[in-house]
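The values are calculated or read from the model by the stated rules, or taken from the named source; none is laboratory data. Everything numeric here is computed off the predicted structure, so don't read it as measured data. Reconstructed Cβ throughout: ideal geometry from the backbone, glycine too, with neighbour counts over all protein chains shown. Keep in mind that these areas ignore ligands, DNA and RNA; they rest on the heavy atoms of the full protein, side chains included. Shrake-Rupley method; radii C 1.70, N 1.55, O 1.52, S 1.80 Å.
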Amino acid sequence: MAVYNPASLHAEEFINDEEIRETLEYAEKNKNNMELINEILEKARPIPTATGCRCNGLTHREASVLLACDDPEVTKRIYQIAEEIKLAFYGNRIVIFAPLYLSNYCVNGCLYCPYHMKNKTIPRKKLTQEEVKAEVIALQDMGHKRLAIESGEDPVMNPIEYILECIDTIYSIKHKNGAIRRVNVNIAATTVENYTKLKNAGIGTYILFQETYHKESYLHLHPTGPKHDYDYHTEAMDRAMFGGIDDVGLGVLFGLEMYKYEFAGLIMHAEHLEAVHGVGPHTISVPRVKRADDIDPDEFDGGIDDETFEKITACIRLAVPYTGMIISTRESEAVRSKLLRLGISQVSGGSRTSVGGYTEKLRPHDTEQFDVSDQRTLDEVVAWLMQNGHIPSFCTACYREGRTGDRFMSLCKSGQILNCCHPNALMTLAEYLVDYASPETKAIGFDMIEKELRRIPKDKVRAIAAQNIEDIKSSNRRDFRF
Ligand code: SAM
């Protein structure tokens, strides 16, 4: 029988079923043990240091105890600490991105995804390079600078060469003042060689959702196709990192399996990456399964209500304080509002989940992967974020300055975010406001920028940022970043 070992490269040892089951038992046994819970909460709090603050994070066992505890007072404290951590390491910035669907051809049989091979009703579409160009121009005209490309798995229709060609096309398009400065990639698990090719193509984060850590369910939910191989899928992030990709993004598709099991597996996966590669995941996404073409989310066992979803998000924030957290337009404005306070650092806006969706006038588009709950435009999302005290950031500086992997984590831990990420966020927001915003959003935005500039601690940094923003306003633009 496999033995739990976070540093092993075998899925059954680092996502060890027995360890997860024992963790859930331990959490259940201790969910009213207030002495232990207080200790865990104390451990999770940000600790002030000479340069800022640091956090301990939590082990999967500790975080699972918090998740299991039903006491409303404890939940309140978890939420408070989640917000403190978010503000300490990410400030009030929220990074903005959009998905770009390249192809919905797929040879897998995933039971929750309408792109599954047996679905004969959904139209199949793969973008040509001309169509990629048109989509990217539409995205640039909205104001996007950061994309996550998405594709079904089909070695014949969507081979790695096609993905690489699309990435090249995306980076090559400079339309008006627009440019896509970071392309994150969400494609199926692949080989070390292919990950190296993606790295050399200049990708940002490689994102792959585990869907479920529960092996038996995984095999049932992925009955056919290459994705059926649980070990190959679960070990993909190691191959990506061995292939040279520093930033990887984890995620579970909540709603498929029992959430407590998924939560423990997710934190164990983060611990594993830290143990083997010396750096944890760059991001964690928290998608929930949604209604789609021939998919009914109620058919799965693990559906969770909004309150449970909020608690999961906050507990992840406490467990892995330095990891960015992503929420997509799968969630409504109301749910996104709450989660933003509990640790989310990236949101998508103005998203289309269909192939060719940004150049199609009609919505919903018939190749849509799932229903989008938040259907607002990017301009509306930007205004809403600011009205709620968040700075929408279009910054991609860390990636462009080579601050990836542990170098990004060091910046995060050093407490220098207010002197670095904060001014970068304000400068990129100014670019957005000048180039793309509606008059109302522009007014809210420049007001916010003026106030937020005052929060930059170093005089010199503040002066440079203010000068750059003046230059952006007068169209005297330089590609400057801290
Ligand atoms: N094909 C790639 C793979 O297999 O990992 C990834 C691309 S797929 C477009 C991105 C993600 O969408 C999947 O990993 C899955 O978690 C999510 N997804 C699929 N069907 C969904 C649904 N009905 N509701 C919400 N998310 C869904």
With R₀ set to 41 angstrom, the calculated FRET efficiency between the beta-carbons of residue 450 and residue 258, to the nearest 0.05, is 0.25
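FRET efficiency for residue 47 and residue 121, Cβ-Cβ distance as r, R0 = 60 Å, nearest 0.05? Intermediate results must be reported in sequence, preceding the final value.
Details: r = 55 Å, r/R0 = 0.92.
Step by step, r from the Cβ atoms, then E = 0.65.
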Quick note, the chain: a/c under 1.5 would make it rounded; otherwise a/b > b/c is prolate and the rest oblate (a ≥ b ≥ c, C-alpha gyration tensor); here it is oblate
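Holding the Cα-Cα limit at 23 Å, pick out from 176/473; 76/451; 227/290; 125/174; 76/338; 260/311 the pairs that are longer than that. If you can, show how the numbers build up before the last one.
Numbers: 176/473 16 Å; 76/451 30 Å; 227/290 20 Å; 125/174 25 Å; 76/338 13 Å; 260/311 11 Å.
Going by Cα-Cα distance, 76/451; 125/174 fall outside the 23 Å limit.
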Calculate the spin-label point distance for residue 70 paired with residue 196, positioning each point 7 Å from the Cα along the beta-carbon direction, and give it in nanometres.
5.4
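Helix-only estimate, please: 222 nm mean residue ellipticity of the chain, summing -39500 (n - 2.57) across DSSP H runs of length 4 or more and dividing by its residues, to the nearest 500.
Working: 20 runs with 224 residues, N = 482.
Taken over the chain, the calculation gives -14000 deg cm²/dmol.
To the nearest 20 Debye, how big is the dipole of the chain about its Cα centre, given +1 on the beta carbon of each Lys and Arg and -1 on that of each Asp and Glu?
Working: 57 positive and 71 negative charges, 456 e Å.
In total the dipole reaches around 2180 debye.
Can you pull the percent of the stretch 186-293's accessible area that's carbon plus sulfur, 1.4 Å probe, other chains left in place? Please list the in-between numbers first.
Details: 1680 of 3190 Å².
That fraction is 53 percent.
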Accessible solvent surface per residue of the stretch 88-375, calculated while the other protein chains remain in place, 1.4 angstrom probe, Å²:
33
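Cα gyration tensor of the stretch 88-375, axes a ≥ b ≥ c as square roots of the eigenvalues: rounded (a/c below 1.5), prolate (a/b > b/c) or oblate?
Values: a/c = 1.21, a/b = 1.16, b/c = 1.05.
Rounded, since a/c falls under 1.5.
Arrange the peptides 244-255, 189-200 so that the one whose residues have, on average, the most other Cβ atoms within 10 Å appears first. It would help to have the intermediate numbers written out before the result.
Details: 244-255: 22.8, 189-200: 17.3.
Top to bottom by mean Cβ count within 10 Å: 244-255, 189-200.
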What ranking do 368-377, 26-35, 417-426 get when scored by the average of other Cβ atoms within 10 Å per residue, highest first?
417-426, 368-377, 26-35
